[in-house]
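S.K.: After the structure tokens below, expect a handful of questions from me.
Just so it is clear, none of the values below were taken in a lab; they were calculated from the coordinates. Keep in mind that what you see is a predicted model, and the values were worked out from it rather than measured. Note that each Cβ is placed from the backbone with ideal geometry, even for glycine, and that neighbours are counted across all protein chains shown.
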Amino acid sequence: MLKLSHENSKLKLSDKSKRVYLTIGLLILFLWSANGTKFNPLLFRDFGNTLNFIQKSFLNPDWSVLPMALKESVITVQIAIMGTFLALILAIPISFLGAKNTSPHWSIYTFLRSVLSFIRSIPEIVFALIFVPTVSLGPFAGVLALMIHNIGVMGKLFSEIIESADIGPQEAVASTGAKKIIVILYGIVPQVIPHVLSNAFYRLEVSVRASLVLGLVGAGGVGQLLSIHFRMFQYNKVAVDCLVIMTMVIVIDYFGGIIRRRVI
Amino acid sequence: MQLKLENLSKQYNKGEAYALDKVNLDIKEGEFISVLGLSGSGKSTLIRCINRLIDPTDGNIYFEEKEITKLKGEDLRLYRRKIAMIFQQYNLIPRMDVITNVLAGRFGYFSANKIIFKKFKSNEIMEAEAALEKVGLINFTNRQVKTLSGGQQQRVGIARALLQQPKMLLGDEPVSSLDPVTAEEVMKLLWDINKNQGITMVMNLHTVELARAYSKRIIGINKGKIVFDGSPKDLYEIDIKEIYR
């Protein structure tokens, strides 16, 4: 009994010291980051400037740019549609070649999956930064950048969907003596179509938001308009751009959600 | 002998227990065989080795005196056409209508072009309808399969198997997901097909009663080994204990 209570108190002590180490560790992490970001509570004094700025620009929008902002946001959506649709068409065959259960050879599977992982790890904006100076300023660069990144994302996603398809219908079609291509088309495809479409719509929503950011580096759309207004200090116009963007994202997410629920 | 298994073994992963352990089995044409055993006993593996959905690790399989253990590609495909299969979860093609699912029984005979563009001839569709008539679903040809009950889906599975014009029909617990009354009806249908068309039946079943009622020969499997092989009248309580040990 005595020994037991002794062990217990030792355990408590080590628990306590663990907590102390954790607290000290977190504190060091915090101070290190505060130092790096030159964080100074006194700078909150300038917060008045921010409120002033919001009052002057955002609460005093220049509505004359509204037609322009709307027109450009349509282009943003069109960039997203092109960047998603082209990627979808290319990702479907790639994903069948890159799925373990449908790939003609393990080397093709390994090669494609590593290429897809590599592409996926590069953000859209990096592709845009490459295409804007080399292809052209404007929407086409945005479409290319989105397409390549989306191929990486969708290719991996679809491959995994194909790999997780129920084996049952595949066994059923295989046991009739059908060719491999028929086993894939009838044993796998009908199962994966809804998941593929649902994910494609989700990627479209994500692409709309991504194409906004791409606009900031000159790849067209309302993002590019925003960046121009911002750089010319026309904050009253920036306010309108932001409102249009917010509305657009909300509308797209709403309808995207409805469509995705319908497909599944 | 229609089918002969010689020292058939299957080990899924190195170091694991054998799912099938040196199984020897002779099956004559036209037999109705029930296979009994606990889940994990190896009865699904046994049935899938017969049509080579699973490749055995060791041993030989002979079908109509020809060795089929190592068949590949086109040869394997042509062999599989002779052996149809029905499943516990029916495994119909989702999002397709009943008639297309029945026609799938001929997918081993049709060209890819014909299947993909649905260029089925009228006599082929009539054959499919005749199979649906036989299983009592002639009024369901254009229904989506997901709208059917379990018993109806299994009947579509059987019609698909019939269209394959198989010499042997394998069943992996074909009535385990059905209520007792529907299960009896489906077993009766299989019994009729066996009697009238002489198609050999090898069915994994989940109850001793069904096996006794419908088959002429019962095989009991325990831990990958055959522990009983005989007629229902020779299956005593002690044998059942041995199978479900």
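S.K.: With viscosity set to 1.002 mPa s and temperature to 20 °C, compute the Stokes-Einstein D of the range A:102-165, Rh being the Kirkwood radius across alpha carbon pairs; µm²/s, no decimals.
M.R.: So the translational diffusion coefficient is about 168 µm²/s.
S.K.: So what's the gap between the Cα centers of the range B:74-111 and the range A:75-145, to the nearest angstrom?
M.R.: If you average the Cα positions of each part, the centres end up 36 Å apart.
S.K.: Show the residues, 5+ positions off or on another chain, whose built amide H is closer than 5 Å to the amide H of B:Gly171.
M.R.: The list, which skips near neighbours in sequence, is B:Ile86, B:Val202, B:Met203, B:Asn204.
S.K.: Another question about this same structure. What average number of partner chain Cβ atoms lie no more than 10 Å from the Cβ of the residues making up B:104-115?
M.R.: Details: counts 8, 5, 3, 12, 8, 3, 4, 2, 6, 0, 0, 6.
Shielding by partners across B:104-115 averages 5.
S.K.: Okay, next question. Measuring from label point to label point, each 7 Å out along Cα→Cβ, what is the B:Gln165 to A:Ile228 span in nm?
M.R.: Taking the two extended label points, one gets 7.2 nm.
S.K.: Between the range A:15-62 and the range A:188-211, how far is it from one alpha carbon centroid to the other, in angstrom?
M.R.: 38
S.K.: Relative contact order for chain A using alpha-carbon pairs under 8 Å, separation at least 6, rounded to a whole percent? Each step should come with its number before you reach the end.
M.R.: Details: 308 pairs, mean separation 66.7, N = 264.
Across chain A, relative contact order equals 25 percent.
S.K.: Pop out the Kirkwood hydrodynamic radius of the range A:65-263 from its pairwise C-alpha distances, inverse of mean 1/r, in Å to one decimal.
M.R.: Every distinct Cα pair counted, the radius reaches 18.1 Å.
S.K.: Hey, another quick one. How large is the Rg to Rh ratio of the protein assembly as shown when both quantities use alpha carbon positions and Rh follows Kirkwood? Display every interim value, and only then the final one.
M.R.: Details: Rg = 32.5 Å, Rh = 28.2 Å.
In the protein assembly as shown, Rg relative to Rh is 1.15.
S.K.: Another question, then. Using the beta-carbon distance between B:Asp192 and A:Ser164 and R0 = 41 Å, what value does 1/(1 + (r/R0)^6) give for FRET efficiency, to the nearest 0.05?
M.R.: Efficiency, from the Cβ-Cβ distance: 0.60.
S.K.: Sort out for me the Cα centre separation of the range B:116-178 from the range A:237-264, rounded to whole Å.
M.R.: 46
S.K.: Using a 7 Å offset from the Cα along the Cα-to-Cβ direction at both A:Phe47 and A:Val74, what is the distance between the two label points in nm, to one decimal?
M.R.: 4.3
S.K.: Further question on the same structure: Quick one: Karplus J couplings for the range B:26-37, per residue in order, coefficients 6.51, -1.76, 1.60, θ = phi - 60°, nearest Hz, x for Gly and Pro?
M.R.: Karplus values, whole Hz, x for Gly and Pro: 10, 10, 8, 4, x, 6, 10, 10, 9, 10, 10, x.
S.K.: Still on this model: Can you give me the distance in nm between label points at B:Lys118 and B:Ile238, each placed 7 Å from the Cα along the Cα-to-Cβ direction?
M.R.: With each label placed 7 Å out from Cα toward Cβ, I get 6.0 nm.
S.K.: Could you list the trypsin sites (Lys or Arg not before Pro) in the range A:45-109 that lie in coil according to DSSP, counting only those with at most 16 other Cβ atoms within 10 Å of their Cβ?
M.R.: Taking the range A:45-109 and a limit of 16 other Cβ atoms within 10 Å, the loop trypsin sites (Lys or Arg not before Pro) found are A:Lys100.
S.K.: Could you work out which residue, out of A:Val222, A:Val206, A:Val20, moves most in a Gaussian network model of chain A, that is, has the largest mean-square fluctuation with Cα springs under 10 Å?
M.R.: A:Val20
S.K.: Please sort through the DSSP H helices of chain A and keep those with an alpha-carbon extent of at least 24 Å along the long axis and a Kyte-Doolittle average not below -1.0.
M.R.: For chain A, where a helix must reach 24 Å along its axis and average at least -1.0, the hits are A:2-36, A:66-97, A:139-163, A:189-216, A:235-263.
S.K.: Looking only at other chains, what is the average number of their beta-carbon atoms within 10 angstrom of each beta-carbon in A:159-170?
M.R.: Taking all residues of A:159-170 together, the mean is 2.
S.K.: Sorting check: for B:151-157, A:231-237, which peptide has the highest mean count of neighbouring beta carbons within 10 Å, and how do the rest follow? Let's see the in-between values first.
M.R.: Numbers: B:151-157: 24.4, A:231-237: 14.9.
The peptides rank, most packed first, as B:151-157, A:231-237.
S.K.: Also, quick follow-up: Averaged across B:158-169, how many Cβ atoms of other chains sit within 10 Å of each residue's Cβ atom?
M.R.: Average per residue, whole number: 1.
S.K.: In vacuum, with every alpha carbon of the range B:1-130 counted as one equal point scatterer, what does the Debye formula give for log10 I(q)/I(0) at q = 0.15, 0.18 Å⁻¹? Two decimals, please.
M.R.: Log10 I(q)/I(0), no solvent term: -0.87, -1.09.
S.K.: Can I ask one more? Chymotrypsin sites (Phe, Trp or Tyr not before Pro) within the range B:55-133: which are DSSP loop residues with at most 10 other Cβ atoms inside 10 Å? Write down the numbers at each step before the final one.
M.R.: On the way: sites: B:Tyr62, B:Phe63, B:Tyr79, B:Phe87, B:Tyr90, B:Phe107, B:Tyr109, B:Phe110, B:Phe117, B:Phe120; in loops: B:Tyr90, B:Phe107, B:Tyr109, B:Phe110, B:Phe117, B:Phe120.
Those satisfying the criteria are B:Phe117.
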